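Enquirer: Sharing a structure here in C-alpha cells format.
The values are calculated or read from the model by the stated rules, or taken from the named source; none is laboratory data. Only a predicted model underlies this, so the values are computations on that prediction, with no experimental measurement involved. All Cβ positions, even for glycine, are placed from backbone atoms using ideal geometry, and neighbour counts span all protein chains on display. Surface areas here come from the heavy atoms of the whole protein model, side chains and all, with no ligands, DNA or RNA. Shrake-Rupley method; radii C 1.70, N 1.55, O 1.52, S 1.80 Å.
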Amino acid sequence: MAKIDDYISITGQSTVDELRLLAEKLQGKVVQTINSTAVGGGVAEILNQMVPLLKELGVDTHWDLIKGGMEFFDVTKKIHNALHGRAENITQRDFDIFMETSQRNIEEVKIYGDIVFIHDPQPIGLIKKKSGNKWIWRCHVDVSSPDKKVWQFLHDFISQYDAAVFSAPSFSPVLPIRQFLISPSIDPLSDKNKELPVETIKEVQDKYGIVQDKPIITQISRFDRLKDPIGVIEAYRLVKKYIDCQLVLAGGTASDDPEGIEVFEEVKEQAKDDPDIHILMMPHNNIEVNALQRISTVILQKSLKEGFGLTVAEALWKSKPVVAANVGGIPLQVKHKYSGLLCHSVEGAAFAIKQLLNNPGYARKLGESGREHIKNNYLLTRHLRDYMLLFLSLYHGEDIVYL
Amino acid sequence: MNMVLAKAEESFRFMTRLHLTELTGLKASTLKKMAAILKKVPGSCIYHHTHRFLQQHQHISPEPPNDFAYWVANILGEEELGERLASIDVVQFTTIRHLREKIIQTIENYLATHPLSSKRFAEAGDEFHFIKSVSFIIPTKYEVSDLVEFKDVLKKITADSIYFHIFESRLRLGKKENDFSNWFEHALRDKPLAGSIARLDPYTHTMEELREAIIRLIEKRIISNGKN
C-alpha cells in the first residue's frame, strides 16, 4: 500500500503539502464512511485506497459496512438499473424488502462520526439516525434520467442529508440540499496502474494466449449489460472485416451484483468459437488487468450508462488511445479528438477503432494528451483534496472560505 | 545600487486556492434560457464557467476559454456567437458583475439580430449545466522578500497558487490588479516589472506557460538589475 509521500514523485511536493494543510483543518473531526461491499466494483476500490491515506494524513477516518442478504441485493441491483434509466419492474414488495433490511441496519450499525459519508443507495436509509452530526450522500450512479418512482423513493431520504455528491454535472437534479461535483480518481501507484516489468506483461499475454502480431482491442469492465459487452463484440466484428485483430473482454463481478455470471455466459455464447476473442473472468486481479491494458492497441469502453467509467482514466494514464461512449462521466475524461474518440453506437465505435488502428501517429497523440489530462484532474491526490474540502464545506456556507 | 538584493518593504506570502465544485441543478437547453439563468445565478457561477478551463488543461488547452462559448458553438452549432463569447476579453473586467453583463448582452444582441437562433435547442443530455466554484484560500509556508526568493518559490509552488494570485485575487476578490504586479510595484518599487506582468494576457496561456513566462520576466529583471 502506497504512502502519501510516494505520490510526490508524480504530483510534486506542493500538492502533498496542500493535502497536509487541509488535513490539519479537519483535526478533531471523525469521518465515518459507509457502503455495502468491501471488495469488487469501483466504490470499494476507491475506499480501499482513500481510507488509509486519509488516516495517514491525520484525518480520523473509519469505514463500516451495512449487511444485506441476496434478496436485498437483488432489489438494490434493480434500483441501480432503474436509476440508470433501465426499465425495471420494481414492486411494493421490493421497496418493503429494502426498508426491512434498512431497518435492521439502522438497529445494528453504530453511528459515531461527526461526518457520516454514505455511498450509493444501499445504505441510504441510515439517515434516520441523523442527530446533530453532518451527513453526506455520495451518488456513484449515473442519475441523468432515472426511473421516476425509484428516484422519488430515494429523494425522500436524500433531502434529509446535508449535502449530496455526484460524479458528473449531467447527474445533478434539483435538490433542496447543497450538491457537489466530485469526480472519482485512479491511484497511479496501485497494482492496476503502476508501471510493470516487461516480463510480467509478457507472462500475462502468454497465459491468455494473446498473440502480439495482431492489434488488440480491449474492454475492461464488469460483466454487466450496462457495459454493453455484446455491442463490443459487434463493433469488433465490424472492424475485423477490414483489419485482422483480437478482442479482449476482461473483468470480474461485484459481490453486490447478482447478474454478473448470467451476463458472462451470454457474452461467451455470443463470442462462439472465434479464437481471436478472449473472454476473461478475472475478479480482482489488478496486475493482470494492468498488463492487459498495457498490451492493448486500442482500449474501448462502450458503456450504455456509466457512473464515471474509471477504466477510461486507467487506459489514458497508460497513454493508450481510447474509444468510449459519450455517457456519464466519460466525456469529462475524453475530450473528443483531443484525448480520445467518443462514440454513440456500435457502428461509431467500429469506425473510431479503425481510424486509430490505421493511424498510429494520431492514436499516440491522443493517448499522450489523455495521460496529461488524467494527471491534472483524475488522480487520487485530487480526489483526496476534494473529499477534505467537501468535509470542510459542511462547516462553511459561503462561496469564498478563508481557512 | 544592486537591486538584486533589494528587500521588499513588506514580504510576500504565497497563498493557495483550492476549489470545490458545487452543482446548482439548473440547466439550459436554449440561448434564451441560458441568458435568463445567467441573470440570476451567483457570481461564483459566472466565475466558474469563465475560468474552469484554466485549471483543467494545464498543458494544452483544447477548448475555447469559457464554457458558454464551447456549448454555444459545439452543442447548439452557433459558431459565430461561440466566437463572440470566446473572444470576450476577460482580462479587461475587474468585477464579475460587469463580466456577467457582457456575456448576457452578447447573447441577447445576437438573438436580436438572429431570431432563428432562438429556436435551436440542445437535446436531452446535452443541456448546459450551471455550476459554481467554492474557493478555499489557505496561506502556504512560503514567504519571500526579494526577487530571487520570489522566483525560487514560483518554480515550486502549485499551479493553484499561481492561479490564485493571478486570476482569483484580481477578479473574484476585486483587487483590480494581480497580486504579483501589486507586490512588485508597491513593496519592491519595481514598476516596470509590475507592468510587464500585468500586460501578460493570462487567459491565453496555460498555467504552466504562465509560470514559465513570469519566471522569464523575473530572471530578465534580475539580470538587468545586476548590471546596474
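Enquirer: Restricting the search to the stretch A:189-220, which residues are open to solvent by less than 20 Å² (accessible area, probe 1.4 Å) and in the same structural domain as A:Pro258 (by TED's automatic domain parsing)?
Expert: Residues satisfying the conditions are A:Val204, A:Gln205, A:Ile210, A:Ile216, A:Ile217, A:Thr218, A:Gln219, A:Ile220.
Enquirer: Confirm whether A:Ala38 is within 22 Å of A:Gly125 (Cα to Cα), assigned by TED's automatic domain parsing to the domain that holds A:Met70 and crowded, with 18+ Cβ neighbours inside 10 Å. Can you show your working first?
Expert: Details: within 22 Å of A:Gly125 (Cα to Cα): yes; assigned by TED's automatic domain parsing to the domain that holds A:Met70: yes; crowded, with 18+ Cβ neighbours inside 10 Å: no.
Judged against the criteria, A:Ala38 is not a match.
Enquirer: For the stretch A:157-166, enumerate the residues that are open to solvent by 10 Å² or more (accessible area, probe 1.4 Å) and part of a helix (DSSP H, G or I). Steps first, answer last, please.
Expert: Initial filter on the stretch A:157-166 (open to solvent by 10 Å² or more (accessible area, probe 1.4 Å)): A:157, A:159-160, A:162.
Correct list: A:Phe157 only.
Enquirer: Taking A:Glu234 as meeting all but one of (1) over 18 Å from A:Lys272 (Cβ atoms); (2) open to solvent by 10 Å² or more (accessible area, probe 1.4 Å), write down the number of the exception.
Expert: Among (1) over 18 Å from A:Lys272 (Cβ atoms); (2) open to solvent by 10 Å² or more (accessible area, probe 1.4 Å), A:Glu234 violates only (1).
Enquirer: Considering only residues that are outside any loop (DSSP other than H, G, I, E, B) and open to solvent by 10 Å² or more (accessible area, probe 1.4 Å), which ones fall in the stretch A:167-188? Break it down stepwise before answering.
Expert: To start, the set of residues in the stretch A:167-188 that are outside any loop (DSSP other than H, G, I, E, B) comprises A:169-171, A:178-181, A:186.
Correct list: A:Pro169, A:Ser170, A:Arg178, A:Leu181.
Enquirer: In the stretch B:180-207, what count of residues is obtained for those that are crowded, with 20+ Cβ neighbours inside 10 Å and either modelled with pLDDT of 85 or more or of a type in the set (Val, Ile, Thr) (or both)? Please lay out each step first, then the result.
Expert: Of all residues in the stretch B:180-207, those crowded, with 20+ Cβ neighbours inside 10 Å come to B:180-181, B:183-184, B:188, B:190, B:193-194, B:197, B:202, B:207.
Among the residues that remain, those that are also either modelled with pLDDT of 85 or more or of a type in the set (Val, Ile, Thr) (or both) are: B:180-181, B:183-184, B:188, B:190, B:193-194, B:197.
So the count comes out to 9.
Enquirer: Sticking with this structure for a sec: Within the stretch A:84-92, does at least one residue satisfy the condition of being out of contact with any Lys or Arg (no Cβ under 8 Å at 6 or more places or on another chain), within 25 Å of A:Trp135 (Cα to Cα) and in contact (Cβ under 8 Å) with a residue 12 or more places away in the chain?
Expert: no
Enquirer: Something else: Taking the condition modelled with pLDDT under 95 and either open to solvent by less than 10 Å² (accessible area, probe 1.4 Å) or closer than 23 Å to A:Ser144 by Cβ (or both), does A:Ser393 pass?
Expert: Numbers: modelled with pLDDT under 95: no; either open to solvent by less than 10 Å² (accessible area, probe 1.4 Å) or closer than 23 Å to A:Ser144 by Cβ (or both): yes.
No, not satisfied.
Enquirer: Residue pairs, Cβ under 7 Å, 6 or more apart or interchain, first in the stretch B:19-31 and away from every other protein chain (no Cβ under 12 Å) and open to solvent by less than 30 Å² (accessible area, probe 1.4 Å), second of a type in the set (S, T, N, Q) and outside any strand (DSSP E or B). List them.
Expert: B:Leu31/B:Ser117; B:Leu31/B:Ser118
Enquirer: Being within 27 Å of B:His205 (Cβ to Cβ) and either more than 26 Å from the chain's Cα centre (by Cα) or open to solvent by less than 30 Å² (accessible area, probe 1.4 Å) (or both), is that true of even one residue in the stretch B:116-123? Let's see the steps before the verdict.
Expert: Let us first name the residues in the stretch B:116-123 that are within 27 Å of B:His205 (Cβ to Cβ), namely none.
No.
Enquirer: If a residue must be outside any loop (DSSP other than H, G, I, E, B), open to solvent by 50 Å² or more (accessible area, probe 1.4 Å) and among the charged types (D, E, K, R), how many such residues does the stretch A:237-291 contain?
Expert: Counting residues in the stretch A:237-291 that are outside any loop (DSSP other than H, G, I, E, B), open to solvent by 50 Å² or more (accessible area, probe 1.4 Å) and among the charged types (D, E, K, R) gives 7.
Enquirer: Which helices (runs of 4 or more DSSP H) sit wholly inside the stretch A:1-93 and have at least 1 residues that are among the aromatic types (Phe, Trp, Tyr)? Show your work before the answer.
Expert: On the way: elements: A:8-11, A:13-25, A:41-57, A:70-83.
Here the list reads A:70-83.
Enquirer: Pick out the one residue from A:Ile127, A:Ile118, A:Ile136 that is surrounded by fewer than 23 Cβ atoms within 10 Å (Cβ to Cβ) and of a type in the set (Val, Ile, Thr).
Expert: On the way: A:Ile118 fails: surrounded by fewer than 23 Cβ atoms within 10 Å (Cβ to Cβ); A:Ile136 fails: surrounded by fewer than 23 Cβ atoms within 10 Å (Cβ to Cβ).
Every option except A:Ile127 fails the conditions.
Enquirer: At least 3 residues that are more than 27 Å from A:Arg385 (Cβ to Cβ) in each: list the helices (runs of 4 or more DSSP H) lying fully within the stretch B:155-206 that qualify. Even if it seems obvious, please write down each step before you answer.
Expert: Details: elements: B:159-163, B:179-186, B:191-198.
It comes to B:179-186, B:191-198.
Enquirer: Still on this structure, I have one more. Under the condition of being within 14 Å of chain B (Cβ to nearest Cβ) and open to solvent by less than 50 Å² (accessible area, probe 1.4 Å), which residue from the stretch A:145-156 is modelled with the lowest pLDDT? Before the answer, list the steps.
Expert: Of the stretch A:145-156, the ones within 14 Å of chain B (Cβ to nearest Cβ) are A:145-146, A:151, A:155.
Next, only the ones that are open to solvent by less than 50 Å² (accessible area, probe 1.4 Å) stay: A:146, A:151, A:155.
Details: A:Pro146: 91, A:Trp151: 95, A:His155: 96.
Per the stated criteria, the residue is A:Pro146.
Enquirer: Would you mind stating whether B:Ala6 is in contact (Cβ under 8 Å) with a residue 12 or more places away in the chain, surrounded by fewer than 17 Cβ atoms within 10 Å (Cβ to Cβ) and more than 14 Å from chain A (Cβ to nearest Cβ)?
Expert: When the stated conditions are applied, B:Ala6 passes them.
Enquirer: Can you confirm whether B:Gln92 is within 14 Å of another protein chain (Cβ to nearest Cβ) and modelled with pLDDT under 95? Talk me through it step by step, then tell me what you get.
Expert: Numbers: within 14 Å of another protein chain (Cβ to nearest Cβ): no; modelled with pLDDT under 95: yes.
Taking the combined requirement at face value, the residue does not satisfy it.
Enquirer: Has the stretch A:226-234 got at least one residue that is farther than 16 Å from A:Asn290 by Cβ, not assigned by TED's automatic domain parsing to the domain that holds A:Asn286 and not in a loop (DSSP other than H, G, I, E, B)? So that I can check it myself, show each step before the final result.
Expert: The first filter runs over the stretch A:226-234 and keeps only residues farther than 16 Å from A:Asn290 by Cβ, leaving A:226-234.
Applying the additional criterion that residues be not assigned by TED's automatic domain parsing to the domain that holds A:Asn286 yields none.
The answer is no; no qualifying residue exists.
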